[in-house]
Amino acid sequence: MLPSSCRCNNVANPKYTVGDQPPPVCELVDTLSDGTKVKRRLPRMRACNEKDAKGKLCAGHLKRWYFFGDEVKRKFGEDAEIYRCEHCKTLYLPNQDEAPRTRTLSY
């Protein structure tokens, strides 16, 4: 048996389990003319949290999207950092609390 000081806490992230607070929700920024939603990402978010008509979570991977159309360029800029869900095609803007990931890595 392990001593009490060596036992691990089984909670993945205690920040979101304290109290009866609901989980954080992405802010809906805009809706494009074709019906595509544009949301703001949560910190360190990697998967889509959009729900369909039945309430099922999409959970598609968010990938950096470079080839967006004229409407997105006009609303968010030519060099905007945009992420898109691989399943439902919802667009995500980066979180304001995180550093931008706009340049190529150089070693």
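The values are calculated or read from the model by the stated rules, or taken from the named source; none is laboratory data. All figures in this text were calculated on a predicted structure; none of them were measured in a lab. Positions of Cβ are backbone-derived with ideal geometry, glycine not excepted, and every protein chain shown enters the neighbour counts. Areas reflect the complete protein model, heavy atoms only, side chains present, ligands, DNA and RNA absent. Shrake-Rupley method; radii C 1.70, N 1.55, O 1.52, S 1.80 Å.
When the listed pairs 39/63; 51/75; 54/75 are checked against a 21 Å cut-off, the alpha-carbon distance exceeds it for 51/75; 54/75. Ranking of 40, 74, 84 by solvent-accessible surface, largest first: 74, 84, 40 (1.4 Å probe, protein heavy atoms only, all chains present). Is region 29-76 rounded, prolate or oblate when judged by the Cα gyration tensor, a ≥ b ≥ c being the square roots of its eigenvalues, rounded requiring a/c under 1.5 and prolate requiring a/b larger than b/c? Here region 29-76 falls in the oblate category.
Report the net charge of residues surrounding residue 51, where surrounding means a beta-carbon distance below 15 angstrom and charges are Lys +1, Arg +1, Asp -1, Glu -1.
Details: positive: 37, 39, 54, 56, 89; negative: 50, 52.
Neighbour charge sum, excluding residue 51 itself: +3.
Using heavy-atom solvent-accessible surface (probe 1.4 Å) with all chains present, what is the largest-first order of 93, 57, 42?
Values: 93 15, 57 90, 42 40 Å².
The ordering from most to least exposed comes out as 57, 42, 93.
Please list 79, 70 from largest to smallest accessible area, probe radius 1.4 Å, with all protein chains kept in place. Let's see the in-between values first.
Details: 79 140, 70 115 Å².
These residues rank, largest area first, as 79, 70.
Find out how many positive minus negative residues lie around residue 98, taking Lys and Arg as positive, Asp and Glu as negative, among other residues whose Cβ is under 13 Å from that of residue 98. Value of the local net charge: +3.
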